[in-house]
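Please treat every number below as a calculation from the coordinates, not as lab data. Predicted model, so just to flag it, every value in this text is computed and none were measured. Every residue, glycine as well, gets a Cβ built from its backbone with ideal geometry; the counts of neighbours run over all protein chains shown.
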Amino acid sequence: MTIAVSRRAFLKASTAVGGGLALQFRFPVPSAAAAESIATEVNAWIVIHPDDRVTIRIARSEMGQGSYTALAQLVAEELDCDWAKVSAEFASPNEHIRRNRIWGSMSTGGSQGIRSSQDYVRKAGASAREMLIAAAAAQWKVGTDQCSAAGGIISHRPTGRRLRYGEVAAAAAKLTPPQDVKLRDPSQWKIAGQPLHRLDIPDKVRGKPVFAVDVALPRMLHAAIAQCPVFGGNVARVEDGDALAMRGIKKVVREPDFVAVVADNWWRANQALKKVKIEWDAAGNGQADNQSIEAMLRAGLADSDLPKARKIGDTQAAFSAAAKVVEAEYRSPYLNHATMEPQTCTAWLKPDGFLEIWTSTQNGEASMAAAAQVSGLPLEKIEVHKMMLGGGFGRRGAPQDFVRQGVAIAKAMPGVPVKLMWSREEDMQHGFYRPASIVRIKAGLDAQNRITAMHTTIACPSIVKTFSPNAALKDSIDGSAVRSFSDMPYTVANQQVDYAMRNGHVPVGYWRAPGQQNAFYRECFIDELAAATGKDPVQFRLSMLKDGDKNRGVLEAVAKTAGWGTPLPAGVHRGIALADGFGTYSAMVAEVSVNEAGEVKVHRVVVAIDSGYVVNPDTCRAQAESNVVYGLGSILYQENNVKDGRVLESNFHDFRLPRINEMPKVETLLVPTGGFWGGNGEPAILTLAPAVCNAIFAATGKRVRALPLKNQDLRRAAPV
Amino acid sequence: MFKLNVNGRDRNVDVEAEMPLLWVLRDELSLHGTKYGCGVALCGACTVHVDGEPTRSCSVPVSAVAGKKIVTIEGLSPRGLHRVQQAWIDHEVPQCGYCQVGMIMSTTALLTKHPHPSDDDIDAAMTNLCRCGTYARVRAAIHALGEGSSAATTKKA
């Protein structure tokens, strides 16, 4: 792989000299005709070349969700350039630090990429457009009010004179950016809002080296890693004589909590690693197992003095007055992210004291911070090259364990670039898992079968406390542990949500749509109440949603399109679910059959999504499809079981992913109502488990209150 | 020393007989398009063609493929894009893209055997794992190729 080190180095040098905006960079161009062309940074987000090519800087990471393209669309929309001439590149985390965090947040998670940067990236585009117009007007010695810009060309309306962006970019960059810019109304969008082809796909189908695992540098070595199988444990003793005698082995690196073998080929490193005799100190965690974790969570449920994530009215009084009380207990296992690209980090501690890193990160700044912590270097002396991620799903944001390890290995091999790649087995057993949880829900109904009270007790580890043990949580509540209950849209007069934070030794993390288990629990329980009262699940939900609540819109849209209440083929049954999250409203209908053997087949999924605005409808649809497949694996097969302090599953044979034959038909209804910006990377997963499990109830009369389904007996009862 | 024919070119590699082809390609020959996903032939990210057969290179020792014709994504179409790659662009198939090289190699092999594959043919041949959920688009792209209309797409602006 030829990495654009020279170009980036030149950018850095130029930045250092210029020290701010309005910089000119010289890029080496391979064409003989244009021995050298000068590209201009009009502002931090936009570089314009003399031939009108536009490079848009992207601060967030690309892990498949498509915001690399969608963010470029937002900038290009306001810039009003020719989309055919647009390319994108990741903003440099090193420059970001040295330029006072000029690109805003680099964190890529929580379906935030577009919704929390749309305002400033659109303003960057609009600001640049106004500067380009002003530069052209100055050249023509006319007022800017007589000029307009479209498609990368500035026109002087009275005379019909025209200048291309590439002709005035250098002059524009010297101007003071406007204070206020007006953004286009999305109804006027020409580039944003369109299903444009993604910018990253051509390289990906060619097999170009875009991923962290593809990094290749002169004299680079490869590292394989073994971490203590028991979470929290340490290396006690290492015998590496046999490994060091093997072909191609350069070094065995011992750190407090891992051993790595460095070799001239990753397979050799991994083979030698198996020959290293390592004794581990389990640090007191070697006894933990499924049973002890369940006991821990149950002790939480039994705690009578829990912090409250929501308290409305008086549930106790309402239960006393209720005509009927319904109770249920739901649970979910730990779940690994299992990104297809294992965790990877190449680190190179260079002789000049600069540390260069190439990694798959959901947060370039977090990678910088982790590298600084381990290396002891100031941030200015570190660069993180953000590669395309072979999947993220929350694994590569907060943890940064792979960066810390990569830098530790680089310190042991100064001057030599070393690429650390985890084996699948390490990846499966050293994740930051979706928290296991147990939830008890109790509802009171009046004589008219209306819900008068709902009391939910949630026992669940805290993700925030995993990453920041000393974090001060407001009211002792971790928001992602209580979501969907603490912010339930149903108008129940008396509500209480208790949170039992019980943190075991298994590290937990942000797994796509963190807290999504609660949507499964809540929406299945609502279905239980609808069944207990003989009400239609759609009408039952609508009766508890206020007028004007956007949840109503998606629920009605999905029911209509899915043909709720209309006949289905024999053996196929429907389930419905509703959940808002990540700023977006979504509802889903799943069509499911269960055969004699109790095997579940999901045939069709219809999902309605209201994210306010849609920047690229095709990538939003792709994200809905993605959420269905990602969720389906967790519903059907996936769990991470704990025994002797460690995770038992090790690869895709015991942590199964759905294959193409299991893919349901997915119909995505994008119903944006405007006026707000919601995310699209996660919402559609919230409703999948409850919609499928509610359909299973319709098919079998059996309630699924624990996942995955492989552990549930859904065989039909013997015919009566 | 093993003599391999990779993408039409003879290459001599001095490696252990048991080194899987994947690691010869990636770390000895710098052909990084072929990916590691599981190391045990489950995921298909490492799929290449060996004498035209789709093969999981993570689980084939180099000694077993000496003298055979190996084709990787880099050699799939020496000039321009292969029609499968073009269909992948037209149908906007990849998301993260990590598994897609394996998907494309499996598809090209499938279409050689079954120019007009049925859904069952696709289910049987396309056992590659994708974590992002591109399966519906993979199927749509294959069907479009089977109908001989790889470039035909009207869904894009």
Mean other chain Cβ within 10 Å across A:259-267 is 3
Put +1 on the Cβ of each Lys and Arg and -1 on the Cβ of each Asp and Glu in the stretch B:83-146; which of B:VAL138, B:ILE122, B:VAL101 then has its Cα farthest toward the positive end of the dipole?
-> B:VAL101
Just tell me which aspartates and glutamates come within less than 17 Å, Cα to Cα, of A:LYS277; anything on the same chain fewer than 8 places away is out.
-> A:GLU239, A:ASP240, A:ASP242, A:GLU255, A:ASP257, A:GLU426
From other protein chains only, count the Cβ atoms within 10 Å of every residue's Cβ in A:382-389, then give the mean.
-> 1
Expressed in nm to one decimal, what extension gain is obtained for the pair A:SER292 and A:GLN373 from 0.36 nm per residue of sequence separation less their Cα-Cα distance?
-> 25.7 nm
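Rounded if a/c is under 1.5, else prolate if a/b beats b/c, else oblate: with a ≥ b ≥ c from the C-alpha gyration tensor eigenvalues square-rooted, which is the stretch A:411-520?
prolate
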Given A:LYS560/A:LYS601; A:LYS250/A:LYS275; A:LYS204/A:LYS665; A:LYS601/A:LYS665; A:LYS419/B:LYS69, which pairs have Cα atoms separated by over 18 Å?
-> A:LYS560/A:LYS601; A:LYS204/A:LYS665; A:LYS419/B:LYS69
Using θ = phi - 60° and the Karplus form 6.51 cos²θ - 1.76 cosθ + 1.60, what ³J(HN,Hα) does each residue of the stretch A:60-71 get, whole Hz, x for Gly and Pro?
-> 7, 8, 10, 10, x, 6, x, 6, 4, 7, 5, 5
A:LEU221 long-range amide H proximity, modeled H, under 5 Å = A:VAL418, A:LYS419
Considering amide H positions built from the backbone, and no H for Pro or chain starts, which residues 5 or more places from A:ARG161, or on another chain, come under 5 Å of its amide H?
-> A:HIS156
Value of relative contact order over the stretch B:2-75, rounded to a whole percent, pairs C-alpha under 8 Å and six or more apart = 41
For A:LEU669, residues with placed amide H under 5 Å, excluding near neighbours | A:VAL607, A:ALA608, A:ILE609
Residue (of A:THR673, A:ALA699, A:LEU79) at the positive-pole extreme of chain A, dipole from beta-carbon charges | A:LEU79
Out of A:ASN336, A:ALA513, A:ALA124, whose Cα points farthest toward the positive end of the dipole of the protein assembly as shown (charges: +1 Lys, Arg; -1 Asp, Glu; placed on Cβ)?
-> A:ALA124
Once the other residues with Cβ under 9 Å from the Cβ of A:PRO229 are scored (Lys, Arg +1; Asp, Glu -1), what is the net sum?
-> 0
Give the peptides A:44-53, A:706-715, A:458-467, A:389-398 in descending order of average Cβ contacts within 10 Å, highest first.
-> A:389-398, A:458-467, A:44-53, A:706-715
The ³J(HN,Hα) series, computed from each phi in the stretch B:44-55 with the Karplus coefficients 6.51, -1.76 and 1.60 at θ = phi - 60°, rounded to the nearest Hz and given as x for glycine or proline, is x, 5, 9, 5, 10, 9, 10, 6, x, 8, x, 9
Exposure proxy ranking, count of Cβ atoms within 10 Å, fewest first, for A:SER543, A:SER117, A:SER87 | A:SER87, A:SER543, A:SER117
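Stretched out fully, how many nm does the piece from A:ALA472 to A:LEU175 gain, at 0.36 nm a residue minus the Cα gap?
Gain on extension, A:ALA472 to A:LEU175, equals 102.4 nm.
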Within straight-line cross-link reach of A:LYS182, aspartates and glutamates at Cα separation under 15 Å, skipping those fewer than 8 residues along the same chain | A:GLU77, A:GLU78, A:ASP80, A:ASP119, A:GLU130, A:ASP145
Set of aspartates and glutamates near A:LYS350 by C-alpha distance (under 15 Å), chain-local residues within fewer than 8 positions excluded = A:GLU380, A:GLU383
At the level of C-alpha centres, the distance separating the stretch A:520-537 and the stretch A:587-651, in angstrom, is 21
Where the only charges are on Cβ atoms (+1 Lys, Arg; -1 Asp, Glu), what is the dipole of the protein assembly as shown about its Cα centre, to the nearest 20 debye?
-> 1060
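When the dipole is taken about the Cα centre of the stretch A:97-188, and only Lys, Arg (+1) and Asp, Glu (-1) are charged at their Cβ, what size is it in debye, to the nearest 20?
For this selection, approximately 200 debye.
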With both partners inside the protein assembly as shown, how many of the DSSP beta bridges are antiparallel, as a percent to the nearest 5?
-> 75
Hey, what did the stretch A:473-627 get for relative contact order, percent, Cα under 8 Å, at least 6 apart?
-> 17
Each residue of the stretch A:318-328 in turn: what ³J(HN,Hα) in whole Hz from Karplus with 6.51, -1.76, 1.60 and θ = phi - 60°, glycine and Pro shown as x?
-> 5, 5, 4, 8, 6, 6, 8, 10, 10, 10, 8
Quick one: check the C-alpha center-to-center distance for the stretch B:19-44 versus the stretch A:324-387, whole angstrom.
-> 24
Using the Cα atoms as the points, what is the convex hull volume per residue of the stretch B:9-86 in Å³?
-> 95
Mind giving me the nanometre distance, one decimal, between the label points for A:PHE354 and B:ASP123, set 7 Å out from Cα along Cα→Cβ?
-> 5.5
Across 20 Å bins from 0, what is the distribution of all Cα-Cα pair distances for chain A, in whole percents?
-> 16, 45, 31, 7, 0
To the nearest 0.05, what FRET efficiency results for A:SER148 and A:ARG715 with a Förster distance of 60 Å applied to their C-beta separation?
-> 0.30
Treating only Lys and Arg (+1) and Asp and Glu (-1) as charged, each at its beta carbon, one finds that the stretch B:83-146 has a dipole about its Cα centre, in Debye to the nearest 20, of 180
Diffusion coefficient, µm² s⁻¹, Stokes-Einstein with Kirkwood Rh over alpha-carbon pairs of the stretch A:327-374 at 25 °C and 0.890 mPa s = 176
